[in-house]
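First comes the structure, then the notes that go with it.
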Amino acid sequence: MSQPSVPPPTQAASGGGGVQVRCAGCKLILTVAGGLTEFVCPTCQLPQMLPPELMRVQLKVATPPPPPSLASSQQNVPAHGIDPTKIQVPCAHCKAILNVPHGLARFACPQCGVDLAVDLSKLKQLFPPRPPPEEENEVAIEVEREEDEGGMVGETFTDYRPPKLSIGPLHPDPIVETSSLSAVQPPEPTYDLKIKDDLESSNALSCLQIETLVYACQRHLHHLPSGARAGFFVGDGAGVGKGRTIAGLIWENWHHGRRKALWISVGSDLKFDARRDLDDVGATCIEVHALNKLPYSKLDSKSVGVREGVVFLTYSSLIASSEKGRSRLQQLVQWCGSGFDALVIFDECHKAKNLVPEAGSQPTRTGEAVLEIQARLPEARVVYCSATGASEPRNMGYMVRLGLWGAGTCFLDFRDFLGALEKGGVGALELVAMDMKARGMYVCRTLSYKGAEFEVVEAPLEAEMMEMYKKAAEFWAELRVELLSASAFLSNEKPNSSQLWRLYWASHQRFFRHMCMSAKVPATVRLAKQALMKDKCVVIGLQSTGEARTEEAVTKYGLELDDFISGPRELLLKFVEENYPLPEKPEPLPGEESVKELQRKRHSATPGVSLKGRVRKVAKWKPASDGESDEESETDSAHTESDDEFQICEICNTEEESKKLLRCSCCGQLFHPACLVPPVIDIVTGDWSCHSCKEKTDEYLQARDAYLAELLKRYEAALERKTKILEIIRSLDLPNNPLDDIIDQLGGPDKVAEMTGRRGMLVRASSGKGVTYQARNTKDVTMEMVNMHEKQLFMDGKKFVAIISEAGSAGVSLQADRRAVNQKRRVHLTLELPWSADRAIQQFGRTHRSNQASAPEYRLLFTNLGGERRFASIVAKRLESLGALTQGDRRAGPGPSFSAYNYDSAYGKRALVVMYKGIMEQDSLPVVPPGCSSEKPDTVQDFIVKAKAALVSVGIVRDTVIANGKDSGKLSGRIVDSDMHDVGRFLNRILGLPPDIQNRLFELFISILDLLIQNARIEGNLDSGIVDMKANVIELQGTPKTVHMDQMSGASTVLFTFTLDRGITWESASTMLDEKRKDGLSSAYDGFYESKREWLGRRHFTLAFESSASGMFKIVRPAVGESLREMALAELKNKYRKMSSLEKARSGWEDEYEVSSKQARHSHKRLRVVRIETTTDNRRIVGLLVPNAAVESVLQDLAWVQDIDD
């Protein structure tokens, strides 16, 4: 039945004195006795509550007994399921679904007793007509599944030429565009460039750079509904030449009298590139002012004198301010002046991302500053430039001038826009890009990766490394237990323990990343040497240089060392040294001093005693008390004190001059020296204390000594343990810093150019013994220029190996440039993939740029450790959405597509939950764990025990208790909710397990993930981006209709209607079979089959013949032709039976072919972006596939008025 708009909580009529409700878990209909509002489903055991509408009914039922007539009539109404002969209508009051006979207009709801009337005119809206039952279930699913699987097989890029402009020379290198974007035409160019003649004579810009100028200037003439000037987005990939394009834009605006421009980029070094680009386009007269070299005063004041030109600044200076509180942002806004309508360029604008961060983190100040400067200069001509700007929808939050959300659009604000995009998946992202291009606000071309080769190289751990890794993993697990027991002693330091564990896991992750990196050094060195032998040169990319560890070690051990520093070891030492929880060290006791100190402390705490030790005057007489009395003499602070005053002896109670009395320095009481037992004869100098005070002090001191001794013992024991741990760490065999190691093995710093952010390095001494620390720069080269110097040596062919880190490589060009001496082919090895794919693309873009003699070869190294693929997975996710690395060169074979490594997806999260529940034995595992067999359940049990213990040791399972009784020895514990879905945490943490259990856990996770994806595919819910629709004949029906026009750019939304014919006639099918048999390749199972199940009285027919993979069969169907997916023999025998009679097969086949040609297929459940190429005239169209049933409502929403003849 069709669902009504409100999902029905209740179902059908009620029986006796209770109500009927549908179980929220297993969906069975339950009768709930009168008066009950909470219950447990007897079938699925789910505890639940009645919906609020029924609570009232239930309470009514429970209280008064119903009148007999009503009761008897109610009892006759049993609960039905759906009665297909009647209309199903929800009750307006209790939402129960009622079966209403056709034609009955008024009746009472049997469940809640409310009178109801049926409005037939509204019924049609409530339930859309049900489509006739599908004719082709299996075939439909099969075809859709194939489209999804085969979606990314077609060439994903097409060569790019400006479609509507023909000014300027061709670009020096092949440029491509994603084929989805190429299916969209930009608007007509109407803008006339002032510098067109200059450009045509100088050939400084290629045709596609000029095209960007025209569209950007044209877009800048429009205003958004909000009143701000519209902005333009240059999404060209790394190395296409964005810098020159920007210079061209500045030059064009200069000719219009707009003499000021802001150029905001990532690094201040890039100012030199900006200068070079302006000179290249002929704008030598425009000055470039580096903001970081200017004071905070007014820029156009006499002293500073910046009246016009380009102010070049970095994102970090955009948020800077001086001590006096003047901000750069304020200074820039003031310089631009009111009504500023010139250029503001956000170059590499992905630096402003995280304006809309993921849950829990704060927006970055950079993102907010970028927003603010746009808000304060509403007339500015904004240009966003970034190769990776739109790779993740949330990174577009600061692009407010594109007008994709806000006033005049379908989305209220950016969050609204983001929500819609995230629901739509990869396909929706592509649609947004297509829409932006069609509306003339976006260009996105990439250097073709043609000729570039990608290879994923698995570098298995060598035996020695394996041993090292295992020991390290065991050590970390022991360290965790050690820290747990050490912190148990410190009861008072609760807040610090969370800090300790944060640091523990951060160091844990760093440590094992380092181990993974070191494990790849032998393979890296081997590949590098092979490449050098083949007369190529090598670029090695990594993320972290280990500089901090090296510098700490040099400070600790001096400049000369026996061997290279081991990063992991230093990291561990530092962590334990700084964070091992020690109890406080007790203060040692200085002999007698302490007694006086103690007395003084007591005394100063006595209320009636002045600090100098004088007692204030006694106000009233006190009865005599024995000498042991420790009552305070009550004193009155109103009187001033003087030495001549008379005071009273505590023993004999007679008054005496205070000079003649002795005062106890502890309790402050006064005594005659003679009254004391034994009497005091000597003259007392310094402090004196009476008998009772002395006694107390001694007792206290003894107790205190014992206590301190105990504390000291604890402290020393803890210190000893700490020292022991540090010794163990020093004795562990751990790898060296990979960077130094590689440089050393490839011939030292004389052979290797290093472009990193570190200041110094360790170099092997010429004798070969020991290493020394030296600065990277020399007398002739400053530290600032050292990377540029090294780059030059590499490009001039003085060194053939370059090592780049992220810090040292922003914006650097290392391609086989036709202008450089060293034009050998580059082999780019990634030792460590960056945390984000945006950065990976930036790193790949170092060696793959315009004007190169040859394209690079990329080698991506992974170890065979499960968790290490984690890093690949993150990158894969972004590369997938950047669409940059699709398979590279076809000849290099279809290398593993990166998406295979994307675990952090919705399916990854679900797989993780399923796996955790299986290991915690809350649910059964859907697959047999690796290394176990289903015949031997004890192997599975054994694995679960090991897996649970492993998860405990890396802190995923918490609060563990070992059970006793019948489950004795079993671990129980819990996994907190936040960890349940955190794939990143799982993959990071399992890195710290010994390799064998690590790989088994990882394989279990992957096999569950594969199963979930497989199921999603079968159910037709898998999002696989753009899908290619394939058929024998694809024809356009009628003329395409424009159904919507964009007001500002004139871009149109067009409806195309196609007919697709995928069928295969009986003649072609039998010919295929005959040819197979002629070639002698046929097997006994080849032939025609019919399905065992019927659909609406029909059976499906197929032709199956064995494929090249034995045991697998190719399937050909009358309606949809040959299937991409092969079927296993078991599945074939299960679903189909072989036909002996050819005649019967023929009539069935021809019948099904006939029916399918007249009938459309719909089984789509989600938004699909498809690409169609017509077979008649090869037109390529990419768009949103609208199922036939939904066409009408989509057109209504587009507010399209239908013509009479449609």
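So the values come out like this:
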| read-out | value |
| --- | --- |
| Packing-based ranking, highest mean first, of 308-320, 463-475 given that Cβ atoms within 10 Å are counted | 308-320, 463-475 |
| Approximate shape of the stretch 444-589 as ellipsoid semi-axes (Cα gyration tensor, √5λ), whole Å, largest first | 41, 19, 16 |
| Spin-label pair Thr960/Glu935, simplified geometry with 7 Å Cα→Cβ offset, distance in nm | 3.3 |
| Protection proxy ranking, peptides 372-380, 436-444, 762-770, average beta carbon neighbours within 10 Å, highest first | 436-444, 372-380, 762-770 |
| Quotient of C-alpha Rg and 2.2 N^0.38 Å, computed over the stretch 159-209 | 1.24 |
| Label zone at Thr284 (point 7 Å along Cα-to-Cβ), backbone N below 20 Å, the stretch 197-211 | 197-205 |
| Rounded accessible area per residue of the stretch 756-800, 1.4 Å, Å² | 59 |
| Rounded FRET efficiency, nearest 0.05, which uses the C-beta distance separating Ile728 from Met1072 and R0 of 60 Å | 0.30 |
| Given Lys302/Lys324; Lys260/Lys779; Lys471/Lys724; Lys660/Lys696; Lys242/Lys324; Lys164/Lys194, the pairs whose alpha carbons are separated by over 28 Å | Lys260/Lys779; Lys242/Lys324 |
| Estimated distance in nm for a label pair at Thr1176 and Glu1122, the labels positioned 7 Å out from Cα along Cα-to-Cβ | 2.7 |
| Two-site label geometry, Gln185 and Ala375: point separation in nm, points 7 Å out along Cα→Cβ | 4.1 |
| Burial order of peptide ranges 1002-1009, 933-940 (average beta-carbon count within 10 Å, highest first) | 1002-1009, 933-940 |
| Average accessible surface area per residue within the stretch 1078-1149, 1.4 Å rolling probe, Å² | 52 |
| Alpha-carbon centroid distance for the pair the stretch 207-276 / the stretch 736-778, whole angstrom | 42 |
| Net length gained if the chain between Val821 and Glu551 were fully extended (0.36 nm per residue, minus Cα distance) | 93.6 nm |
| Asp705-Lys659 FRET efficiency (beta carbon distance; Förster radius 35 Å; 0.05 resolution) | 0.40 |
| Length released on extending from Leu28 to His223, taking residue separation times 0.36 nm less the Cα-Cα span | 64.4 nm |
| Virtual paramagnetic centre 7 Å along Cα→Cβ of Glu1003, amide N under 14 Å, in the stretch 462-486 | none |
| Estimated FRET transfer efficiency (Val913, Glu1150; beta-carbon r; R0 45 Å; 0.05) | 0.35 |
| Segment Gln1014-Arg526, extension gain: residue separation times 0.36 nm, minus the distance between their alpha carbons | 171.8 nm |
| Under 11 Å, Cβ to Cβ, from Leu329 - net charge with Lys/Arg +1 and Asp/Glu -1 | +2 |
| Cross-link pairs Lys520/Lys946; Lys437/Lys1030; Lys1078/Lys1114; Lys196/Lys271; Lys271/Lys751 - those with Cα-Cα distance over 20 Å | Lys520/Lys946; Lys437/Lys1030; Lys196/Lys271; Lys271/Lys751 |
| Kirkwood hydrodynamic radius over Cα pairs of the stretch 283-332, then Stokes diffusion coefficient at 25 °C and 0.890 mPa s, in µm²/s | 213 |
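The values are calculated or read from the model by the stated rules, or taken from the named source; none is laboratory data. These figures come from a predicted structure and were not determined experimentally. Methodologically, a virtual Cβ is constructed for each residue, glycine included, from the backbone with ideal geometry; neighbour enumeration extends over all protein chains shown. Side chains are part of the model used for accessible areas, which takes the heavy atoms of the whole protein and leaves out ligands, DNA and RNA. Shrake-Rupley method; radii C 1.70, N 1.55, O 1.52, S 1.80 Å.
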